Amino acid sequence: MHLFSAMFLLVMLAVVPCCQGLYPSPEEGWQIYSSAQDADGKCICTVVAPAQNMCNRDPRSRQLRQLMEKVQNISQSMEVLDLRTYRDLQYVRNTENMMKVVDGKLKTASDNPRTVNTKSFQELKDKVTQLLPLLPVLEQYKTDAKMILRLREEVRNLSLVLMAIQEEMGAYDYEELRHRVLLLETRLHSCMQKLGCGKLTGVSNPITVRASGSRFGSWMTDTMIPSSDNRVWSMDGYFKGRRVLEYRTMNDFTKGQNFVQHLLPHPWAGTGHVVFNGSLFYNKYQSNIVIKYHFRSRSVLVQRSLSGAGYNNTFPYSWGGSSDIDLMADENGLWAVYTTIPNAGNIVISRLEPQSLEVLQSWDTGFPKRSAGESFMICGTLYVTNSHLAGAKIYFAYYTNTSTYEYTDIPFHNQYSHISMMDYNPRERVLYTWNNGHQVLYNVTLFQVIKTSGD
């Protein structure tokens with residue numbers, strides 16, 4: 001947390017009484033985390049936070065950067081001056097004896113001109129010629145003397161600017177400023193805890209992490225909140241696969257290094273897998289059975305049939321690929337998205353108990369699964385895309401908390417034109433996608449309602 005951004009956030013929280021007029025343009029360097037009003041039009045809570053690069057726009061930050069650049073330039077100039085002076089001083093010392101000899105000959109010639117003959121004159125001339133390189137050295141000394149004066153002036157100006165910044169910042173010492181930053185971070189984290197769930201309003205441009213594997217596949221990190229697990233898993237293909245690659249970190253995954261292999265006891269179907277709390281949940285090949293495989297123990301902990309769920313391309317997404325059963329996780333837990341014959345091929349959402357895989361509750365969305373490109377859960381809401389190809393958008397949303405739905409129009413850039421996996425990770429608040437052999441991330445924008453402690 002930068003000092004300036006943290007302090008500014010606290011000021012905004014303290015003085016902003018209502019939602020009106022809290023939407024600065026992106027050019028002003030702001031991010032809007034949330035804004036909401038109750039039924040009476042009263043502002044519940046609004047959090048406006050500066051963008052990550054906001055500190056760079058602070059005038060004092062610019063002054064400090066300029067000061068650092070000047071100090072660096074002065075340091076470099078001093079180093080060059082020091083090296084040159086040392087070199088020239090060595091040259092002067094080496095010619096010191098020669099200068100003494102020339103000086104002695106000149107005194108002798110001056111005291112007794114008759115002693116000067118052709119030979120002695122030529123020797124004197126040769127010595128003077130050897131001293132001629134001293135002239136540019138002396139000229140350089142003049143230049144260096146001027147540089148020293150200029151550097152002294154710059155140092156004086158720097159001192160004045162630093163004094164001005166010190167007066168502007170006040171009498172706070174480092175420890176006091178650090179203590180204030182820690183307090184502000186605590187308040188910020190407290191406020192961010194209230195930014196739990198929200199409504200999807202936008203998807204960022206794609207971020208391609210890696211190009212690997214075949215056209216179809218899935219990749220993921222643990223979706224459990226909270227978790228310090230940084231491992232990344234990759235599962236190439238959708239048909240009868242058993243090999244899962246586990247990478248230590250995202251950086252290792254990007255470079256394709258430092259991985260171990262898990263060979264699943266049962267093959268998978270589709271790409272709708274999810275990792276939740278250290279276990280892989282996936283659909284067993286040619287069945288409607290969901291398997292929970294624990295990575296640490298390399299064993300199956302539990303498996304259970306999704307009663308009536310279609311499988312083996314009975315009710316897949318529009319791209320096929322045995323994508324009948326799609327497992328996913330969000331802020332509210334573990335989910336299964338599928339359909340049944342009694343539901344006439346419409347998407348069914350079931351919330352699962354992670355330990356037993358028992359269905360806790362189900363919802364019939366009324367949306368035909370074969371018309372969906374992919375789907376994902378955010379905060380108990382299922383978002384469905386209308387295609388897996390170029391031009392796709394998030395077209396439908398079903399809210400499990402109210403058992404209602406609406407049609408949406410949230411575009412996103414399908415860069416590689418064939419998405420075979422799209423899942424939300426609530427820890428990172430990003431969408432993971434497998435797009436035509438490319439592993440791609442999207443950031444999401446959520447409209448979030450925040451309630452104060454007094455509500």
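Working from label points 7 Å from Cα in the Cα-to-Cβ sense, the Val300 to Glu154 distance is 7.2 nm.
Going by accessible surface with a 1.4 Å probe and the largest first, Leu441, Leu352, Leu83, Leu106 read Leu83, Leu106, Leu441, Leu352.
Accessible area per residue was computed with a 1.4 Å probe on protein heavy atoms; Val209 scores about 30 Å². Close amide H partners of His273, meaning residues 5 or more places away or on another chain with modelled amide H under 5 Å apart, are Leu327.
Taking Lys100, Lys105 and ordering them by how much accessible surface each has at a 1.4 Å probe, largest first, produces Lys100, Lys105.
Applying a DSSP loop filter and a limit of 15 other Cβ atoms within 10 Å to the trypsin sites (Lys or Arg not before Pro) in the range 246-288 leaves Arg248.
Ligands, DNA and RNA aside, Glu153 has an accessible area near 80 Å² when probed at 1.4 Å. Comparing Tyr285, Ser356, Pro342 along the charge dipole axis of the range 265-369, the residue lying farthest to the positive side is Tyr285, per the Cβ-charge model. Taking amide H as placed 1.01 Å from N in the peptide plane, Val209 has its amide H under 5 Å from the amide H of Gln439, Val440, Leu441, each at least 5 places away in sequence or on another chain. Taking a threshold of 27 Å on the Cα-Cα distance, which of the pairs Lys199/Lys284; Lys255/Lys284; Lys240/Lys369; Lys105/Lys146 fall above it? The answer is Lys199/Lys284; Lys255/Lys284; Lys105/Lys146.
For the set Met98, Met235, solvent exposure ranked by accessible area (probe 1.4 Å, protein chains only) runs largest to smallest as Met98, Met235. Taking the Cα centre of the range 311-374 as reference, the dipole from Cβ charges on Lys and Arg (+1) and Asp and Glu (-1) amounts to some 260 debye.
Based on the Stokes-Einstein relation at 37 °C and a viscosity of 0.692 mPa s, and on the Kirkwood radius from alpha carbon pairs, the range 266-361 is assigned a translational diffusion coefficient of 249 µm²/s. With the convex hull of the Cα atoms taken as the outline of the range 366-455, the averaged projected area works out to 6.8 nm². Using every pair of separate Cα atoms, the Kirkwood estimate puts the hydrodynamic radius of the range 318-435 at 14.4 angstrom. Close amide-amide hydrogen proximity is noted between Asn414 and Gly391, Ala392, each under 5 Å apart and 5 or more residues distant or on a separate chain (H modeled in the peptide plane; Pro and chain starts excluded). Once both labels are positioned 7 Å from their Cα atoms along Cα-to-Cβ, the gap between Phe259 and Arg114 label points is 10.3 nm.
In order along the range 98-114, the phi-based Karplus estimate (6.51 cos²θ - 1.76 cosθ + 1.60, θ = phi - 60°) of 3J(HN,Hα) comes to 5, 5, 5, 5, 4, 4, x, 5, 5, 5, 4, 5, 6, 6, 9, x, 5 Hz; Gly and Pro are listed as x.
The values are calculated or read from the model by the stated rules, or taken from the named source; none is laboratory data. Note that the structure is a prediction, hence the values are computed from the model and not measured. Backbone-built Cβ (ideal geometry, glycine too); neighbour counts: all protein chains shown. Protein only, heavy atoms only, side chains kept; ligands, DNA and RNA dropped before computing areas. Shrake-Rupley method; radii C 1.70, N 1.55, O 1.52, S 1.80 Å.
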